[in-house]
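Read through the structure below, which is laid out as structure tokens, and then see the notes.
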Amino acid sequence: MACFLRKNRDLSIENSLRLIERTLAPPLAFSGPVIIWPEKEFKRLTAAFVRCYNVWGHLTRCCQFDDGTRQLAEITCKDALKKHVCLDMEDLQFEVEFLTWDQASQNCFVFACHLTSALGIKVSWDPIHPDWIVSATNIDLA
């Protein structure tokens with residue numbers, strides 16, 4: 001694990017520590033056998049994880065400030081939810097699980113949810129919630 005983290009500098013220190021915490025703690029806590037991953041599968045999983053991390057990071061940065069990128073992200077997110085008849089991002093993750101790569105990559109929010117489904121993780125995040133302070137306009141905040 002230490003060699004992997006040393007070679008792969010795409011993760012922040014915080015996420016590297018989380019990865020160590022979640023991967024090393026379970027094998028040490030239970031006396032069951034450790035699963036050996038083939039290197040090819042491990043590289044594929046790592047590539048998918050890094051891509052998912054980058055896509056979600058990009059979406060988070062787009063929704064962070066009240067500017068044009070947030071407005072575009074909001075439109076894109078609402079389009080994704082409407083097209084797949086979902087109420088929130090958790091529903092969207094479930095709905096896009098069986099889409100093809102090409103179908104999922106046409107919308108960045110759908111693509112991010114598709115990647116999380118492929119990795120078997122769930123992300124609870126509502127980027128356009130009206131009660132968030134970032135959703136308030138500058139005039140409302142003043």
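Table for the structure above
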quantity: Whole-number percent relative contact order across region 39-125, with pairs defined as alpha carbons under 8 Å at least 6 apart; calculated: 29 percent
quantity: Positive minus negative residues near Leu72 (Lys, Arg vs Asp, Glu; Cβ under 14 Å); calculated: -1
quantity: Karplus 3J(HN,Hα) series, Hz, for region 60-72 with 6.51 cos²θ - 1.76 cosθ + 1.60 (x for Gly, Pro); calculated: 5, 5, 5, 8, 6, 10, 7, 8, x, 5, 5, 5, 5
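Readers should treat all values here as calculations from the given coordinates under stated rules, not as data from a laboratory. None of the values given here were measured: they were computed from a predicted structure. Cβ: placed from backbone, ideal geometry, glycine included. Neighbour counts: every protein chain shown.
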